[in-house]
1. Report the residue count in the stretch 101-135 for those that are assigned to a helix (DSSP H, G or I) and touching a Leu at 6+ places or on another chain (Cβ under 8 Å).
2. Going by the structure shown, is A72 out of contact with any strand residue (DSSP E or B) (no Cβ under 9 Å at 6 or more places or on another chain) and surrounded by 13 or more Cβ atoms within 10 Å (Cβ to Cβ)?
3. Has the stretch 254-262 got at least one residue that is among the hydroxyl-bearing types (S, T, Y), assigned by TED's automatic domain parsing to the domain that holds F15 and free of Cβ contacts under 8 Å to residues at least 40 places away in the same chain?
4. Within the stretch 237-255, does at least one residue satisfy the condition of being farther than 30 Å from D272 by Cα, touching a helix residue (DSSP H, G or I) at 6+ places or on another chain (Cβ under 9 Å) and not charged (D, E, K, R)?
5. Consider F160 carefully, then state whether it is of a type in the set (A, V, I, L, M, F, W, C), assigned by TED's automatic domain parsing to the domain that holds E184 and either closer than 17 Å to P177 by Cβ or surrounded by 18 or more Cβ atoms within 10 Å (Cβ to Cβ) (or both).
6. Any residue that is closer than 21 Å to R79 by Cα, touching a residue at least 60 places away in the same chain (Cβ under 8 Å) and among the aromatic types (F, W, Y) - is there at least one of those in the stretch 192-215?
7. Those residues that are out of contact with any Lys or Arg (no Cβ under 9 Å at 6 or more places or on another chain) and surrounded by fewer than 18 Cβ atoms within 10 Å (Cβ to Cβ), I need them from the stretch 127-141; list them, please.
8. Just to verify a result, which residue in the stretch 240-265, among those that are in contact with a strand residue (DSSP E or B) (Cβ under 9 Å, 6 or more places away or on another chain) and in a helix (DSSP H, G or I), is surrounded by the fewest Cβ atoms within 10 Å (Cβ to Cβ)?
Amino acid sequence: MKYGLWMSRAHPAQFAELTVEAERLGFESVWMSEHLVMPVTMTGSPLEGEEHPPVPPTLPIFDTCAYLSYLAGLTSRIRLGTWVYLLGYRHPIVAARSMATVDILSNGRTTFGLGAGWLREEGEALGLDWPSRGRRLDEAMEICRQLWTDKEVEWHGKEFDFPPVMFEPKPVQRGGPPLLVGGESPAALHRVARLGDGWIAMAHSPESIQPFMDALDTACAAVGRRRADLQIVVGCPSVDDLDPRPWEDMGVDCLIVGPWASPSRAMAGIRDFAETHLNGAGE
């Protein structure tokens, strides 16, 4: 099992030192979440059964690609991921340029977790038509791939339209960073099956994620793909008595963890986790 760190559980002032130490300890990746703006009034939640957003409007926010580029310069092996980048809010040419830059500066260590967005007030503050965000995301994913691959790209779709353009330099990873689609709605899981290189899920236990795995199996079968061919990354809400075997049995490739109770314990937490789960002490 590979393990990644959920950086958003730490204080931003700790991101650099935690990333450097995580690489030394053998973590596979670090993951940054993002928003563009936090409305004062927010409704809804990405968490099933929750009525209110799990984040306050005072949440400190950084440009994710800029910060990951900084972390790329401090490291040489650990992968740098987004959990998730709101591609549905952006023009794909802008997003493709930002992610290609991170991939080049990291020498091909970027994983692009992306989503349509769940915070309606945020999308409306950006002037976006909220119901169309799924269609925007579908087109944006295809455009990013073409920009990262083809010499010339021309697009005439329902959401985006532009004449032939050239996009250089290409990312280090052939075809660009892997596109891991976030979300658990039927539409999101069908998007994984149709367009994604994988699925990046929210925080789950092995029991709570099983229905979504079953739904993803069905979505993949409908388009002639197999879930086993996808990269699966899942948030792990608790590392107490963590047993990787159930996750491995269901085909999960990486668990994103935040093994500390408060930011002041983050460094000690990743060291304790590594001692148990990365150095064989727990076997």
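1. To start, the set of residues in the stretch 101-135 that are assigned to a helix (DSSP H, G or I) comprises 101-105, 120-125, 130-135.
Of the ones still in play, those that are also touching a Leu at 6+ places or on another chain (Cβ under 8 Å) are 102, 122.
The number of residues fulfilling the criteria is 2.
2. Values: out of contact with any strand residue (DSSP E or B) (no Cβ under 9 Å at 6 or more places or on another chain): no; surrounded by 13 or more Cβ atoms within 10 Å (Cβ to Cβ): yes.
Spelling it out, it is not the case that A72 is out of contact with any strand residue (DSSP E or B) (no Cβ under 9 Å at 6 or more places or on another chain) and surrounded by 13 or more Cβ atoms within 10 Å (Cβ to Cβ).
3. Yes: the stretch 254-262 contains one or more residues that are among the hydroxyl-bearing types (S, T, Y), assigned by TED's automatic domain parsing to the domain that holds F15 and free of Cβ contacts under 8 Å to residues at least 40 places away in the same chain.
4. At the first step, the residues of the stretch 237-255 found to be farther than 30 Å from D272 by Cα are none.
No, that holds for no residue.
5. Numbers: of a type in the set (A, V, I, L, M, F, W, C): yes; assigned by TED's automatic domain parsing to the domain that holds E184: yes; either closer than 17 Å to P177 by Cβ or surrounded by 18 or more Cβ atoms within 10 Å (Cβ to Cβ) (or both): no.
Considered against the rule, which asks whether it is of a type in the set (A, V, I, L, M, F, W, C), assigned by TED's automatic domain parsing to the domain that holds E184 and either closer than 17 Å to P177 by Cβ or surrounded by 18 or more Cβ atoms within 10 Å (Cβ to Cβ) (or both), F160 comes out as no.
6. No: zero hits.
7. G127, P131
8. P244
The values are calculated or read from the model by the stated rules, or taken from the named source; none is laboratory data. These numbers were taken from a predicted model, which means no experiment stands behind them. Ideal geometry is used to build each Cβ from the backbone, glycine not excepted, and the neighbour counts take in all protein chains shown.
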